[in-house]
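Everything on this sheet refers to the single structure shown next.
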Amino acid sequence: MKELTKRILSGIMFVLILITCIQYKLVCIGLFYVFGLVCLTEFNRLIKQKSSISYLIFTVIYALFAFGESLLGSGEVVNQLSQIFHVLGIFVNLFLIRDLFSARELPNLISNQFINTTFYISSGFVFLILIAFNFGDYNPQIILGIFMLIWTNDSFAYIVGKNFGKQKLFSSISPKKTVEGFLGGVFFAALGSYFIAYIAPSLSFTNWLIISVLVSVCGTLGDLVESKYKRQASVKDSGKIMPGHGGMLDRLDSAIFAAPFIYLFLRILNYVS
């Protein structure tokens, strides 16, 4: 009971901090930067990476895309760079998904370490910021809606899986995840998208419905990728920063893995609309 209380309180604190901070552009940019540094620290610990180069790379690319137009004096240059970065980020994520279905370990060679810290961890936070600026001006409603879908999916995947789960989803990596829990998360996230369309009307219900599926599928894959890294490192959690929840990466693995795919969908919307 004591552990459950700690989990609930730290979860509520995290949600309140996130909801409050994303209302303000500069505060949100600063918050995600801090989250990114914490997640990088936890990930570097998992892959036994001691170099500080990954922090420098993250700081440079994050500043470039968060303040690129002011730094470079050209929004077009930033847009072109984001397209290149986007393709590379999705390409690396697809390789990580492929490796879920392989018995081999996820890449831990020094060259791959920097690729993964840049295009798996760092890119997730970059694309969360780019999603917020998708319509030109900063739009906190989109970020809030995405996180609400993630929380809905995670919560109901756990509830449905705990009470009705029988068929294991990926027993070799995450024994507690079930097919029933996954489908329950998808269903309730899709249901939640109807209400989020009223909270964030800059996107239609149909668009939020598609995003809910992307969040559920890609978020689950992101959780599995992190679980495989933790299994390789023989640890239960990525860190201890959140009592009852583990590390920051444990809380944000779904969001940072899903972000490039959600951003891809939003870019497609921009081109066809």
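Read-outs throughout are calculated quantities, based only on the coordinates presented, and are distinct from any laboratory measurement. Note that the structure is a prediction, hence the values are computed from the model and not measured. Please note: Cβ atoms are built from the backbone with ideal geometry, for glycine as well, and neighbour counts cover all protein chains shown.
General remarks:
- Fewest-first sequence of CYS21, CYS28, CYS39 by Cβ atoms within 10 Å of each Cβ: CYS21, CYS28, CYS39
- Potential lengthening of the chain between ASN79 and SER172 amounts to 29.5 nm, from the contour at 0.36 nm per residue minus the alpha-carbon distance.
- Between region 116-159 and region 19-35, the Cα center-to-center distance that results, in Å: 12 Å
- With at most 13 other Cβ atoms within 10 Å, longest stretch of the chain clear of loop trypsin sites (Lys or Arg not before Pro) (DSSP): 167-235
- Neighbour counts of C-beta atoms inside 10 Å place ASP223, ASP253 in the sequence ASP223, ASP253, starting with the fewest.
- Considering helices alone, the calculated mean residue ellipticity of the chain at 222 nm is -25500 deg cm²/dmol, with DSSP H runs of length four and up weighted by -39500 (n - 2.57) and normalised per residue.
- Here the residues GLU226, GLU42, GLU180, ranked from fewest to most Cβ neighbours within 10 Å of their Cβ, fall in the order GLU180, GLU42, GLU226.
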